[in-house]
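Notes for the one structure printed next.
The values are calculated or read from the model by the stated rules, or taken from the named source; none is laboratory data. This structure is a prediction, so every number in the text was calculated from the model and none was measured. Neighbour counts are summed over all protein chains in view; Cβ atoms, including those assigned to glycine, are modelled from backbone coordinates with ideal geometry.
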Amino acid sequence: MLLRAYRITDRFGILLLKMAEFIYEWLIGSGSSLVIILKRILGGILALVMVILGVIWKLLRAILGVILGILGFVVSALLGLFGVVTRTGTKATGAMADRASQGATGAMARRAARAEVDVIVTEDPLKVQNRRLSVLVMAFGAIAIAAILYATDQSRNSSPVTTFTGSGADAFVIDATQVPTQSGLAAIATPIPTATTVPEVLQVGGTIAFTVRERGQTDIWAVEVGSRQPIRIISSSTDDRDPKWNLQGDRLAFASRRDGNWELYFFDISAPGADPTANIQRLTYDLAFQAAPSWSDDGQWVVSENYQENNLDIVARRIDGSQVVRLTTDAAPDFSPVWSPNGRQVAFVSWRDGNQDIYLVDLNSQAVTNLTQTPEIEEDYPAFSPDGRLIAYSSQQGGQEQVSVIRIDQPGTGQVVSIGRMPTWSPDGLGLAYIADAIDNSRSFIYVMPYQTGGAPLIISEVPFGADHP
């Protein structure tokens with residue numbers, strides 16, 4: 001059979017060569033006209049094509065010969081195995097015939113021996129192994145198909161998403177609605193609270209200032225409560241940051257590098273004029289680093305962090321520049337100060353106990369108290385409540401930003417109230433505003449949360465990702 005297939009392929013190749021020779025002779029015949037020349041050109045092209053086809057056919061024939069040779073080898077091996085089985089059966093038959101001939105003689109004895117021999121049919125072991133492998137392949141295929149169908153079942157891709165923030169008695173649920181689960185950047189980032197009546201505690205006015213860093217530059221923005229449309233209010237060719245309203249709400253202190261060094265400025269909202277830059281006044285004029293300003297209760301003093309003599313300390317100064325008082329002199333860095341509403345205490349952050357905790361300095365007695373006392377947690381950005389009894393602050397634990405609150409007369413009792421950072425109190429002290437980032441880090445939100453009465457927070461505005469200092 002293999003020899004016959006080879007002869008057929010060889011004859012087919014000879015036929016192709018004969019056809020090429022015939023076409024060439026027919027086209028390149030006698031004559032000298034233009035038609036004859038064209039015929040010769042076409043004949044040459046066709047002859048070349050036929051030669052190429054002949055070469056391709058020879059290659060295919062060689063490949064086919066190799067394949068047929070392999071198949072012949074496999075068939076020969078199988079026939080060899082069958083021959084081994086046949087020879088084994090023959091030997092068994094001969095042995096049984098010899099034993100029968102020992103008890104009888106002649107033709108009758110030989111016929112009796114042959115009658116006693118049963119034909120033993122031995123099945124090929126290779127066939128048994130192939131059948132077992134086929135069963136295993138079919139079983140694994142069925143399991144794989146079932147797994148694919150289970151994984152692509154669309155009815156499993158919808159589940160309730162519940163986002164918890166806070167802990168303990170002050171924990172709250174932002175949203176527990178049924179939403180489709182997704183992956184990547186299309187995932188539900190920060191759930192929007194369900195549409196409910198705005199609590200009276202949150203029905204307040206005012207403007208929240210915050211900072212946004214875009215295109216390598218930090219500017220100060222503001223959003224009016226209820227408008228959800230932030231606007232840039234302070235911008236320069238360099239960075240502006242750390243905005244802080246005074247209690248009267250007509251001046252905004254901030255830090256800026258607009259004059260080449262980090263200095264303190266304030267923006268007078270009540271001053272006449274349409275150009276905001278004309279209402280900006282500079283507070284400090286020295287080479288020391290100045291940042292994080294906070295107003296006194298009467299609006300005549302500003303406390304800030306000040307880097308002098310290779311150390312970061314807290315300094316208070318009158319806004320007219322007539323007086324400067326250094327409040328801390330510890331060897332550890334002290335920063336992020338905030339003035340109490342009664343004007344007699346200043347809260348700040350320090351590393352003086354080997355960890356970033358929040359401290360309180362009494363301006364009357366100069367006594368300093370560690371309020372948070374948490375060696376395993378880092379705190380920052382303290383903010384006094386309007387009555388001066390509570391301090392809200394940011395805490396960092398396990399890579400998560402949290403908002404906590406502590407009573408100033410109960411050190412070491414801080415409690416987490418929400419997920420977020422850089423809290424600030426509402427003017428009536430009933431609510432807390434803070435910033436929280438979306439899960440996919442694509443945007444941020446300013447929230448206002450009822451603190452005294454409890455309840456779910458409301459989104460005041462969506463802001464660019466990374467905004468801070470509300």
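Here are the numbers for this structure:
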| item | result |
| --- | --- |
| Test: residue in segment 405-424 that is in contact with a strand residue (DSSP E or B) (Cβ under 9 Å, 6 or more places away or on another chain) and free of Cβ contacts under 8 Å to residues at least 12 places away in the same chain | yes |
| Complete set of residues in segment 351-376 that are of a type in the set (Asp, Glu) and closer than 16 Å to Pro333 by Cα | Asp353, Asp357 |
| Residue check for Asn364: over 19 Å from Asn342 (Cα atoms) and over 36 Å from the mean Cα position of the chain (by Cα) | no |
| Which numbered condition Thr277 fails, given (1) surrounded by 13 or more Cβ atoms within 10 Å (Cβ to Cβ); (2) closer than 26 Å to Ile319 by Cβ; (3) in contact with a Ser or Thr (Cβ under 9 Å, 6 or more places away or on another chain); (4) at pLDDT below 85 | (1) |
| Conditions (1) modelled with pLDDT under 90; (2) over 24 Å from Asp240 (Cα atoms); number of the one not met by Ala467 | (2) |
| Matching strands (runs of 3 or more DSSP E) fully within segment 315-431 where at least 2 residues are modelled with pLDDT of 95 or more and within 23 Å of Thr284 (Cα to Cα) | 334-339, 345-350 |
